[in-house]
Structures are given as structure tokens and as C-alpha cells.
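S.K.: Could you have a look at this structure, given as C-alpha cells, before my questions?
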Amino acid sequence: MAGVALKDWKEKIRDPKIECMSRDEMSALQSGRLVQQVKNVYENVEFYRKKMDEIGVEPGDIRGIEDIGKLPFTTKEDLRDNYPFGLLAVPQEKIARVQGTSGTTGKLTLASYTQNDVDVWGECVARGLTMAGLTEADRIHVCYGYGLFTGGMGLDLGAKALGAMAIPMSSGNTKRQLMCMEDFGATAFACTPSYALYLAEAAQEAGIVDRLQIKASINGAEPWTDEMRKKIEGILHINSFDIYGLCEITGPGVAMDCIHHKGLHVYEDYFYPEILNPGDYTTCADGETGELVFTTLAKEGMPLIRYRTKDLTSIEYSTCECGRTLPRIQKFTGRTDDMKVIRGVNVFPTQVETALLSIGGGVAPHYLMIVDRENNLDVLTVMVEVDERYFSDEIRKLDELKNKVGAVLKQALGVSARVKLVEPKTIERSEGKAKRVIDKRDL
């Protein structure tokens, strides 16, 4: 079996009562949970009590979800300042596990979970796996890393809640990953989108695509585009899904897209989303891009109020074609700390990816942005992998492709870039989050 055709897809909803709830019912549920959570953190978390006292807000001032704007924000710096257990709302003996963010230097950003928090996490991931058409009959090959990083554990918990088989491969050793996918009869796999593309290309190169039983992939932990999704789907003949989460809130399972790929459904009964203007923190209109802010409405161990994720997206509240009424956030354009300002222009790595994938044949979506400063001017160089044949053909064709890539990038980014075409597999592959940008101005 080499994937599932969309026409054969049967829409499944794990919890229709919640996932198809009316706006009024959801607002009432959120209001009750927010009122209780604010009272909880005020009484049990000194950090929030001080924050609220500083701005003159008491628990009694919060009477419903419409009052959330009165509450203070929480930032990653707040988490680091209260490392490791300064934000607990329960005694430490009630904490069942801890998870930490990946890719940071110095002190970790640590999140703490009660057993109920762990159970909710698994249930939210199971909702997403159901969204991907998976059931207890499936075998989910997890090649996210296990450990403090939430990726591996989150998908493992989701598989358990669904009743499916988890194959806990963790990351690394691509050849072994593909061997086990085939031998164990995996029907789905989970990893970062950049590694999913790498696995797909490796399976194609090994000639085993038609021997795999994979029908879906669950990919997240880094921004990616619809063009990359279609590339993965086209090689493996599967359906690929975008899953979103962050350790501080709960890990993967905060949101996921359905088969219609028109945004990621947010599980707003547990995680209340706001989209705010990064400049003045006012609420964005539906469809307007801003910073995503979350409040954990029912988390026990380390609840967070208005946590600034730094992820940039927009939100849509209309009912989806799948029947879910859960709001949908769009694929991320980047992060407020991921954006690079080059000669006064805001540039995100996803813009480069989209531009390269629009070119079609000859150009691979493997790239590296290098930002430097020469003679007090910003210079952007983009390394791009291209087919081997361009290096064996006449130089003229290579120059033509280089000029074409340069023109497409300039139109997409609004700023010119030096293009360096390199041979396949020249750019280092990542089994975790792909490194897309080196900013030498910061070094």
C-alpha cells in the first residue's frame, strides 16, 4: 500500500461534543475554566499574585473569557527567571513529569505536569491522530526525539490514548528508520517536516516507497509550507498533517490541521488562543497576522496566563468543511524572533522555502540563508541545492538557473540575494529542527 487517496478518506472526529461545539457553548466552558484558573494562580503562584497586584487586578475582576485582556502577559524570560519550579500551582510531589524546550542555551525552559495534565496531553494528541484518519488499528512510527523535548513523548502518549501501536524509534539513523518502518508495517510516522522530506527522499532513493504501508505523516516543531507538504505527499503518496504545540503549554497537540488543510484546529477548550498585534498588543481582526498568545484553561501543574509564544499567525472562526467549529490558526509565517530585518525588509525563512518550491524542477527545498554585513550594508546569501545534472551540463545552464532563482527570491522577499547553487546533500540535514539561518551579524 502506498498511501491513501483523498477520495477514499473518511472524516473522523474523536470528540464531536467538544470539537463541534457552538461558539456560545464554548465561550461558557472557557469562561468557567478561566475564572477558576485565575483564582487558582492568584492563590497558589506568587509570581502571578504579584503580577496581578502590580496592575491592580483581582480574581473577582475576571468574570468570563471576555475579561482575559485585563490579565498580565507571561514570557519565556519569566519561565527562565522562575526556573525550575517557581511557577508551580501544586506541591512538587503532585508533579508526574517534567519536559523542557529544545535548542536553547543555558538554563532550560522547564514545564511541569501533573498526571491529569499528562492525560489531557495524550487526549489532545489523540484528537489530532484521529483527524489524520488513524485508529487503534494503526502503527505509529515516532522519530521525534525522546527525552526532555516534548515531540517523542507527546506522540507516544497520543498513540496510547488512541489505542494504536507506538513504535518509539526516536531520531537518528535514517537507514534503520526506513528498515523498521517497512519491517514493522508502520502505517504513519511523526517527525519534523524537514526530516520527513529527508526520509521521503531516502525511501525513494532506496526504491522502497511502494513497499511501505505508510498512509499519513504527522509533522511539526518547525514552520513549513503547503508546498513542502505537497512535496512529501507526492514522493510517498500519503497525506501529511501539520501538528503544533510547545512545551510550555503542553507539547504537540495544541492544534492540528485536518484533511482539508485550511488551518490548524486549536483545542480551545484547554488552550485559549489570542492573536495580538506585536507592537501594541491589541487584538487582531480575524485573518490579520499577529503574535499567538495562549492561556492554559485547565492545566494543573504549571498553568500559564497569556503566554506569548512569539509565533506569528492569524485565526479563523468559521466552521470548517470537516464540521469542526474549533478555530483555525494558519501556518506560521515565522516567529517574532525568527524574522530577519535585511536592509529594512522583514524576511522569514518560510518565504524562501515557498519561493524555491514554486520554481519546480531542478531546485530542491534544501537551503541555508546566511546574513552578513559588508561595508555597513546587509548582505543575504542563499545556498540552494540543485540537481546533479546542472553540474555536468554546460555552465550556461547553471548560470541561467542561478539567475532564475535570484529573480524569484527577489520578487518573493523584496530584497536581492546572492545565490549559491550547490550539489545535492551539500547542506547538512537535521533529524530535529532544521537550521535555516546563520546570522553573522549576531556573532
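The values are calculated or read from the model by the stated rules, or taken from the named source; none is laboratory data. Fair warning: this is a prediction, and the values are worked out from it, not measured in the lab. Here Cβ is always computed from backbone atoms with ideal geometry, including for glycine, and neighbour counts include all displayed protein chains. Accessible surface areas use protein heavy atoms only, side chains included; no ligands, DNA or RNA. Shrake-Rupley method; radii C 1.70, N 1.55, O 1.52, S 1.80 Å.
S.K.: Can you tell me which condition Leu357 does not meet? The list is (1) open to solvent by less than 30 Å² (accessible area, probe 1.4 Å); (2) touching a residue at least 60 places away in the same chain (Cβ under 8 Å), and all the others hold.
M.R.: Condition (1) is where Leu357 drops out.
S.K.: Taking segment 325-356, which residues are at pLDDT 85 or above, aliphatic (A, V, I, L, M) and more than 20 Å from the chain's Cα centre (by Cα)?
M.R.: Of everything in segment 325-356, those that are at pLDDT 85 or above, aliphatic (A, V, I, L, M) and more than 20 Å from the chain's Cα centre (by Cα) turn out to be Ile342, Ala355, Leu356.
S.K.: Name every residue in segment 407-418 that is open to solvent by less than 30 Å² (accessible area, probe 1.4 Å), more than 16 Å from Gly360 (Cβ to Cβ) and modelled with pLDDT of 90 or more, in order of residue number. Break it down into steps so the answer makes sense when it comes.
M.R.: Applying the first criterion (open to solvent by less than 30 Å² (accessible area, probe 1.4 Å)) to segment 407-418 yields 409, 413, 415, 417.
Subsequent filtering for residues that are more than 16 Å from Gly360 (Cβ to Cβ) retains 413, 415, 417.
Once the filter is applied, which keeps residues that are open to solvent by less than 30 Å² (accessible area, probe 1.4 Å), more than 16 Å from Gly360 (Cβ to Cβ) and modelled with pLDDT of 90 or more, segment 407-418 yields only Ala417.
S.K.: Next up: Any idea which residue in segment 282-296 is nearest to His260 (Cα to Cα), counting only those that are more than 18 Å from the chain's Cα centre (by Cα) and either among the polar types (S, T, N, Q) or crowded, with 22+ Cβ neighbours inside 10 Å (or both)?
M.R.: First, pick out the residues of segment 282-296 that are more than 18 Å from the chain's Cα centre (by Cα): 282-288.
After this cut, where a residue has to be either among the polar types (S, T, N, Q) or crowded, with 22+ Cβ neighbours inside 10 Å (or both) as well, the list is 282-283.
On the way: Thr282: 30, Thr283: 27 Å.
The qualifying residue nearest to His260 (Cα to Cα) is Thr283.
S.K.: Out of all the residues in segment 235-265, which are in a strand (DSSP E or B), out of contact with any Gly (no Cβ under 6 Å at 6 or more places or on another chain), under 17 Å from Cys20 (Cα atoms) and among the aliphatic types (A, V, I, L, M)?
M.R.: Ala255, Leu264
S.K.: Taking segment 336-352 only, how many residues are buried (at least 18 other Cβ atoms within 10 Å of the Cβ) and of a type in the set (Lys, Arg)?
M.R.: Here the count works out to 1.
S.K.: Then there is this: Please give the helices (runs of 4 or more DSSP H) falling wholly within segment 9-97 in which 2 or more residues are of a type in the set (A, V, I, L, M) and open to solvent by less than 70 Å² (accessible area, probe 1.4 Å). Reasoning before the result, please.
M.R.: Working: elements: 16-19, 23-44, 46-54, 76-81.
So the answer is 23-44.
S.K.: Enumerate the strands (runs of 3 or more DSSP E) found wholly within segment 345-438, keeping only those where 1 or more residues are within 30 Å of Lys175 (Cα to Cα).
M.R.: Working: elements: 345-347, 363-374, 377-386, 418-422.
Ranges flagged: 363-374, 377-386, 418-422.
S.K.: Just to check your reading of the model, which residue among Glu274, Glu268 is over 15 Å from Met131 (Cα atoms), in a strand (DSSP E or B), of a type in the set (D, E, K, R) and more than 13 Å from the chain's Cα centre (by Cα)? Talk me through it step by step, then tell me what you get.
M.R.: On the way: Glu268 fails: in a strand (DSSP E or B).
So the residue among Glu274, Glu268 that is over 15 Å from Met131 (Cα atoms), in a strand (DSSP E or B), of a type in the set (D, E, K, R) and more than 13 Å from the chain's Cα centre (by Cα) is Glu274.
S.K.: State all residues of segment 24-49 that are of a type in the set (D, E, K, R) and either within 15 Å of Arg306 (Cβ to Cβ) or in contact with a helix residue (DSSP H, G or I) (Cβ under 7 Å, 6 or more places away or on another chain) (or both); if no residue qualifies, say none.
M.R.: So the first thing to find is which residues in segment 24-49 are of a type in the set (D, E, K, R), and the list is 24-25, 33, 39, 43, 46, 49.
If the condition is that a residue be of a type in the set (D, E, K, R) and either within 15 Å of Arg306 (Cβ to Cβ) or in contact with a helix residue (DSSP H, G or I) (Cβ under 7 Å, 6 or more places away or on another chain) (or both), then Arg33, Lys39, Arg49 are the ones that fit.
S.K.: If you go through segment 47-95 one residue at a time, how many are touching a Lys or Arg at 6+ places or on another chain (Cβ under 7 Å) and at positive phi?
M.R.: 0
S.K.: Would you check which residues across segment 187-210 are of a type in the set (S, T, N, Q) and open to solvent by 30 Å² or more (accessible area, probe 1.4 Å) and list them?
M.R.: Restricting attention to segment 187-210, the residues satisfying the condition of being of a type in the set (S, T, N, Q) are 187, 192, 194, 204.
Matches in segment 187-210: Gln204 only.
S.K.: Let me ask something else. Can you find a residue that is in contact with a strand residue (DSSP E or B) (Cβ under 7 Å, 6 or more places away or on another chain) and more than 28 Å from Lys12 (Cβ to Cβ) anywhere in segment 312-324?
M.R.: Checking segment 312-324: at least one residue is in contact with a strand residue (DSSP E or B) (Cβ under 7 Å, 6 or more places away or on another chain) and more than 28 Å from Lys12 (Cβ to Cβ).
S.K.: Now a separate question. Hey, could you check segment 309-324 for residues that are surrounded by 21 or more Cβ atoms within 10 Å (Cβ to Cβ) and out of contact with any Leu (no Cβ under 7 Å at 6 or more places or on another chain) and say which is modelled with the lowest pLDDT?
M.R.: Result: Leu312.
S.K.: Evaluate segment 286-305: report whether one residue or more is small (Gly, Ala, Ser) and without any contact (Cβ under 8 Å) to a residue 12 or more places away in the chain. So that I can check it myself, show each step before the final result.
M.R.: To start, the set of residues in segment 286-305 that are small (Gly, Ala, Ser) comprises 287, 290, 298, 301.
Those still in the list that are without any contact (Cβ under 8 Å) to a residue 12 or more places away in the chain too: none.
No, there is no match, as no residue in segment 286-305 is small (Gly, Ala, Ser) and without any contact (Cβ under 8 Å) to a residue 12 or more places away in the chain.
S.K.: When you go through (1) part of a helix (DSSP H, G or I); (2) buried (at least 24 other Cβ atoms within 10 Å of the Cβ) one by one for Leu134, which number turns out not to apply?
M.R.: All conditions pass for Leu134, except number (1).
S.K.: Testing Gly147 on (1) of a type outside the set (Lys, Arg); (2) crowded, with 21+ Cβ neighbours inside 10 Å; (3) on the phi > 0 side of the Ramachandran plot, one condition comes back false. Which one is that?
M.R.: (2)
S.K.: So, one more: Just one of Glu182, Glu201, Glu205 is of a type outside the set (S, T, N, Q), in contact with a Lys or Arg (Cβ under 6 Å, 6 or more places away or on another chain) and farther than 20 Å from Gly158 by Cα; which is it?
M.R.: Working: Glu201 fails: in contact with a Lys or Arg (Cβ under 6 Å, 6 or more places away or on another chain); Glu205 fails: in contact with a Lys or Arg (Cβ under 6 Å, 6 or more places away or on another chain).
Just one listed residue meets the conditions, Glu182.
S.K.: Quick one: in segment 361-398, of everything that is among the hydroxyl-bearing types (Ser, Thr, Tyr) and within 20 Å of Val347 (Cβ to Cβ), which residue is least open to solvent (accessible area, probe 1.4 Å)?
M.R.: Filtering segment 361-398 down to residues among the hydroxyl-bearing types (Ser, Thr, Tyr) leaves 367, 381, 390, 392.
Imposing the further condition that a residue be within 20 Å of Val347 (Cβ to Cβ) reduces the set to 367, 381.
Details: Tyr367: 4, Thr381: 33 Å².
The selected residue is Tyr367.
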